[in-house]
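A.B. asks: Just dropping this structure here.
The values are calculated or read from the model by the stated rules, or taken from the named source; none is laboratory data. Treat the numbers as computed from the prediction; the structure is a model and nothing was measured. Positions of Cβ are backbone-derived with ideal geometry, glycine not excepted, and every protein chain shown enters the neighbour counts. Side chains are part of the model used for accessible areas, which takes the heavy atoms of the whole protein and leaves out ligands, DNA and RNA. Shrake-Rupley method; radii C 1.70, N 1.55, O 1.52, S 1.80 Å.
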Amino acid sequence: MSPFILDDLALERLFTGARSNIRFADQPVTMDTITQVWDLIKWGPTANNTVPLRIAGATSPHARARVLAHAAEGNRAKVEAAPLVLIAARDERFHDHFGVTGGTDTAAARFEGDPEARTRFAHTNAMLQTGYLIVGLRAAGLAVRPLGGFNRAGLDADLFADSPWRSEVLLLVGYPTDDHGAGDRKGRIDAADAIKEI
């Protein structure tokens, strides 16, 4: 057996038993914990080894209020209840960091000259990294609920106006509780319907 295969308990905590909570334990989540998770998930594979994901923690009352103001009405109570709200964003200037991540000068010049392609590339890889982030947060013992229902342009104008960061998804983060508030777990599409050889 490969030493890299996770045991059944780990698989349950990461996937089959994990939930997208809307209720959390009464316990704060620190940004130090998020930093520790980042230092793991930043190594997940991406196209050209780029790292366009950026994470903003709405830890101040001002930032929390601004996120809440731009959340869809049906999501506001969920945002309010979360111990920590993270904004997963893409960095539209990710290619400026190629000296760290290993991208070439030629690739950086190509991205610089094609903003639309750069945005598409940043979005795709930031969302890929957001998947790693969710699994990493679960591995750290946290519950995560991703939310897409918010006004991205409004939130970006409020919080990222002087930055190349652009919001992708909100992550509600906290320690899990049995009273997760997520309702009955729905099924998932079976492999037979989701995977085929071509």
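A.B. asks: Find out how many positive minus negative residues lie around residue 136, taking Lys and Arg as positive, Asp and Glu as negative, among other residues whose Cβ is under 14 Å from that of residue 136.
C.D. replies: Counting the neighbours of residue 136, the net charge comes to +2.
A.B. asks: May I ask you to list the chymotrypsin sites (Phe, Trp or Tyr not before Pro) in the range 131-198 that are in a DSSP loop and have at most 14 other Cβ atoms within 10 Å of their Cβ?
C.D. replies: none
A.B. asks: Starting from the coordinates of the alpha-carbon atoms of the range 1-87, obtain the Kirkwood hydrodynamic radius over all distinct pairs and give the value in Å to one decimal.
C.D. replies: In the range 1-87 this quantity evaluates to 15.9 Å.
A.B. asks: Rounded to whole Å and sorted largest first, list the principal axis extents of the Cα atoms in the range 17-152.
C.D. replies: Dimensions of the range 17-152 along the principal axes of its Cα atoms: 49, 29, 26 Å.
A.B. asks: With each run of n ≥ 4 DSSP H residues scored as -39500 (n - 2.57), what mean residue ellipticity at 222 nm is computed for the chain after dividing by its residue count and rounding to the nearest 500 deg cm²/dmol?
C.D. replies: -11500 deg cm²/dmol
A.B. asks: First measure r as the distance between the Cβ atoms of residue 140 and residue 161, then evaluate 1/(1 + (r/R0)^6) with R0 = 25 Å and state the FRET efficiency to the nearest 0.05. The partial results should precede the final answer.
C.D. replies: Numbers: r = 31 Å, r/R0 = 1.25.
That pair, residue 140 with residue 161, gives E of 0.20.
A.B. asks: Give the carbon-plus-sulfur fraction of the accessible surface of the range 86-198 in %, rounded to a whole number; probe 1.4 Å, heavy atoms of protein chains only.
C.D. replies: 52 percent
A.B. asks: Please compute the contact order of the chain in relative form: average sequence separation of alpha-carbon pairs under 8 Å and at least six residues apart, divided by the residue count, as a percent.
C.D. replies: It comes to 35 percent, rounded to a whole number.
A.B. asks: Starting from the Cα of residue 48, move 7 Å in the Cα-to-Cβ direction to define the label point; list residues of the range 116-145 whose amide nitrogen is under 19 Å from there.
C.D. replies: Zone members listed by number: 116-130.
A.B. asks: Can you pull the percent of Cα pairs in the range 136-186 with separation above 18 Å? Present the calculation step by step, with values, prior to reporting the outcome.
C.D. replies: Values: 623 of 1275 pairs.
Distances greater than 18 Å cover 49 percent of the Cα pairs.
A.B. asks: If the reach is capped at under 21 angstrom between alpha carbons, list the lysines near residue 78, excluding any in the same chain fewer than eight residues apart.
C.D. replies: 186
A.B. asks: Per residue, how many Å² of accessible area does the range 47-198 show with a 1.4 Å probe?
C.D. replies: Accessible area per residue, the range 47-198: 53 Å².
A.B. asks: For residue 25 and residue 80 in one chain, what is 0.36 nm times their gap in residues minus the Cα-Cα distance, to one decimal in nm? Provide the component values of the computation, followed by the final result.
C.D. replies: Working: separation 55, 0.36 × 55 = 19.80 nm, distance 1.37 nm.
Contour length minus the Cα-Cα distance gives 18.4 nm.
A.B. asks: For residue 96 paired with residue 124, estimate the spin-label separation in nm (one decimal), with each label point 7 Å from Cα along the Cα-to-Cβ line.
C.D. replies: Inter-label distance under the simple model: 2.4 nm.
A.B. asks: With all distinct Cα pairs included, what does the Kirkwood hydrodynamic radius of the range 70-133 come out to in Å, to one decimal, could you say? Walk me through the numbers on the way to the answer.
C.D. replies: Values: mean 1/r = 0.0718 Å⁻¹.
One over the average 1/r among Cα pairs gives 13.9 Å for the range 70-133.
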